[in-house]
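As structure tokens, the structure follows; a few thoughts come after it.
The values are calculated or read from the model by the stated rules, or taken from the named source; none is laboratory data. Here the structure is a predicted model, which means the values were calculated and not measured. Cβ placement follows ideal geometry from the backbone for every residue including glycine, while neighbour counts extend to all protein chains displayed. With ligands, DNA and RNA removed, areas are computed over all heavy atoms of the protein, side chains included. Shrake-Rupley method; radii C 1.70, N 1.55, O 1.52, S 1.80 Å.
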Amino acid sequence: MTRLFIVNLLSERVARKGSVLGPLAAEMDVKCFHLDPFDALPSAVSQAAKDGVDHVVIEGGDGTVQGVISAFLYQADRFETFPAFSIVPGGMTNQVAKNIGLKSAGARSVKSALAGPMESLDMPLLNVVDSDGPRYAGFLFSTGAIPQITRYTTGELHRKGIGGSAAVLGGILKGVRGNDDSLMQITPIHMKGLYDGPHLGTVVTTLPSLIMKLDPFWGDGHGPLRVTWVDGSYRGLGRNVLQIWMGMKSKDRSPDGMHSKRVTELAYEYDGDIVLDGEFLSIPSGKFTVRATRPVTFLT
């Protein structure tokens, strides 16, 4: 197996505690690429294809993981065998790593995991395609209230030193209490063949679960995209979120304005904020499509 380590030295945990993969690279004779600057990533991916890299280990946060895997997907045709990926949590929230990453960020645990047989999971990412050309790949996409909560989390809680799951929980609780209009703005949205009208928010993922065992998807269907949306006439949001958090997913929540489906594709018309893995995207046209990428293998 030919490995490549990719480290973002500016990711929150890496900047605070130091890189785990950096010292291991020399010890395990693995090439290590530092994302400084990030603009050098495409050339590093091209070199990885020439070197026959078939396992990429990423150390960083959700945005780093998204950016790195996106860069590999954009150059997938350069690889004789598309590489598998492993994730060492190195950011503030690490939602992706907590679902499909290595179990620990400790040097000894990471070295042990890489030395032994690893479990594999095959799953696609989300592919967000702008009608004007740009495309993005990632794991968790949202509109409406979730971007509003993201602004609060990054602007207020992270600034106060509150990070990780505590920050996510704080943002969710402040939102569902409904006592802050800036976090709960109703905006119009059109999702072709699914919904057209005022909405509180949508959330879409291909991940098997979300952070802190909150998995707000219960709809039927066979597509790879799991989507939940809350319409503008919602009620009992806190009660419903708590019930879903407790695993009560068999109840029909449409009378309360909450809906969930599995779909193959989502065609959006939406002019509000959109977020992919905690990063705000700019799509000036307001028209974009969310599909699934090719399957990607994750080793844990």
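Residues that are at pLDDT 95 or above and open to solvent by 20 Å² or more (accessible area, probe 1.4 Å) within the range 30-43 comprise 30, 31, 32, 33, 34, 42, 43, listed in sequence order. Of the strands (runs of 3 or more DSSP E) that lie entirely inside the range 213-300, not one contains 2 or more residues that are open to solvent by less than 20 Å² (accessible area, probe 1.4 Å), in contact with a Leu (Cβ under 8 Å, 6 or more places away or on another chain) and aromatic (Phe, Trp, Tyr). Going through (1) buried (at least 23 other Cβ atoms within 10 Å of the Cβ); (2) modelled with pLDDT of 95 or more one by one, residue 89 falls short only on (2).
Residue 48 - would you say it is more than 19 Å from residue 96 (Cα to Cα) and crowded, with 19+ Cβ neighbours inside 10 Å? So residue 48 passes the test. Of the listed requirements (1) surrounded by 21 or more Cβ atoms within 10 Å (Cβ to Cβ); (2) in contact with a Lys or Arg (Cβ under 9 Å, 6 or more places away or on another chain), residue 201 misses just one: (2).
Filter the range 188-235 for residues that are out of contact with any Gly (no Cβ under 6 Å at 6 or more places or on another chain) and of a type in the set (D, E, K, R) and give the result. 192, 196, 213, 215, 220, 226, 235, listed by residue number. Take the conditions of a type in the set (A, V, I, L, M, F, W, C), open to solvent by 30 Å² or more (accessible area, probe 1.4 Å) and modelled with pLDDT of 90 or more and apply them to residue 176. Does it pass? When the stated conditions are applied, residue 176 does not pass them. Scanning the range 98-149 for residues that are among the hydroxyl-bearing types (Ser, Thr, Tyr) and surrounded by fewer than 19 Cβ atoms within 10 Å (Cβ to Cβ), we see that the one that is modelled with the lowest pLDDT is 131.
In the range 234-257, the residues that are at positive phi reach residues that are of a type outside the set (Ser, Thr, Tyr) and surrounded by fewer than 14 Cβ atoms within 10 Å (Cβ to Cβ) with C-beta atoms within less than 9 angstrom, at least six apart or across chains, in these pairs: 247/213; 257/235.
For the range 53-75, the tally of residues that are touching a Ser or Thr at 6+ places or on another chain (Cβ under 8 Å), crowded, with 21+ Cβ neighbours inside 10 Å and not β-branched (Val, Ile, Thr) stands at 4.
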